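These notes are about the structure you will find just below.
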Amino acid sequence: MNLAIKLVGALLINFSWTATTYAAAIEHREFNFKVDAEKLLSGDVHYSHHLLPPRKLVEEFPLAKDLDTLSLLQEREVHIMLTKKAYVVKRAVGFYDNEHIKDKDYLKHTMGQQELREIDPVTYRVTVPGKSAHSYKMKSYFDSDDISTLPNSRIIQAVSAIKKMDVLSQSASSIILKEYTEYSDYLMGGTEISSYISLKENSTIIITYSLSAVRNAYSDPIALKKGFVIEVNAVNELIKSYKQK
């Protein structure tokens, strides 16, 4: 069995219940494609997906270096998965405040069947169940207008970088950065940075950049893109279906 297919299998297990509700996933060949707010109103998810060895990725996408808060580009025997996705949720942008990253009910709902064990209010040990079971650590950071509140220069650099890469992110009400580390299998780590931009009174554009180091044994580009699209659509539906208590 292709090892990368095992990783896709893990995603199917976690998100299978949403499979019949997917919106269209529209791929862009350009990594840093321009986000068109009007086109997002249709409910579609727009994305780009690239998988390359670290050195080649930096040559092709120099800006990727600024997203690497974990020095993943220095890892050996990995491929780097670089992605961007954008979509709209019908929720006021004020929902995504500094308490949002501590909301356990929201996290549990939007992470499907993955199991969460709290380490501290912004850090969790996450376990993916099933035949492709594995675990990892997830830590979140919140940024509003004052980036000086962020904990270190690498994270400040990453948040500043996405504001340069996407003009809409410059008007973000908030930005949430997540670091994924201590994987038991599949990946070496990853960084994900999401901007939350008010579109209308009760609608928010979410633009997310991510950079992950995938172990070479699992670096099948077709399987990983399939898994990414499954995850993007499923998480989008889970976010939309969340009802605030």
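Out of Y124, Y106, one residue alone is crowded, with 17+ Cβ neighbours inside 10 Å, in a helix (DSSP H, G or I), under 18 Å from the mean Cα position of the chain (by Cα) and of a type in the set (S, T, Y). It is Y106. One residue stands out in segment 176-192 among those that are more than 13 Å from K139 (Cβ to Cβ) and not polar (S, T, N, Q): the one that is farthest from the chain's Cα centre (by Cα), namely D185. Taking each residue of segment 223-239 that is acidic (D, E) and looking for partners that are crowded, with 19+ Cβ neighbours inside 10 Å and in a helix (DSSP H, G or I) with beta-carbon atoms closer than 8 Å, six or more apart or interchain, yields E231/L11; E231/F15. The single condition among (1) at pLDDT below 85; (2) within 19 Å of A172 (Cβ to Cβ) that A4 does not meet is (2).
Listed by position, the strands (runs of 3 or more DSSP E) enclosed by segment 165-245 that each have at least 3 residues that are over 23 Å from H109 (Cα atoms) and either of a type in the set (S, T, Y) or out of contact with any Lys or Arg (no Cβ under 6 Å at 6 or more places or on another chain) (or both) are 187-200, 203-215.
Residue-level check: of (1) touching a residue at least 12 places away in the same chain (Cβ under 8 Å); (2) more than 20 Å from V235 (Cα to Cα); (3) not in a strand (DSSP E or B), G130 misses just (2).
Condition check for K102 on (1) farther than 16 Å from H49 by Cβ; (2) in contact (Cβ under 8 Å) with a residue 40 or more places away in the chain: one failure, at (2).
Of the residues making up segment 48-66, those that are in contact (Cβ under 8 Å) with a residue 60 or more places away in the chain and part of a strand (DSSP E or B) number 2. In the set S140, S135, only one residue is surrounded by fewer than 17 Cβ atoms within 10 Å (Cβ to Cβ), among the small types (G, A, S) and within 18 Å of G190 (Cα to Cα); that residue is S135.
The values are calculated or read from the model by the stated rules, or taken from the named source; none is laboratory data. Note that the coordinates shown come from a computational prediction; the quantities given were computed from them, not determined experimentally. Positions of Cβ are backbone-derived with ideal geometry, glycine not excepted, and every protein chain shown enters the neighbour counts.
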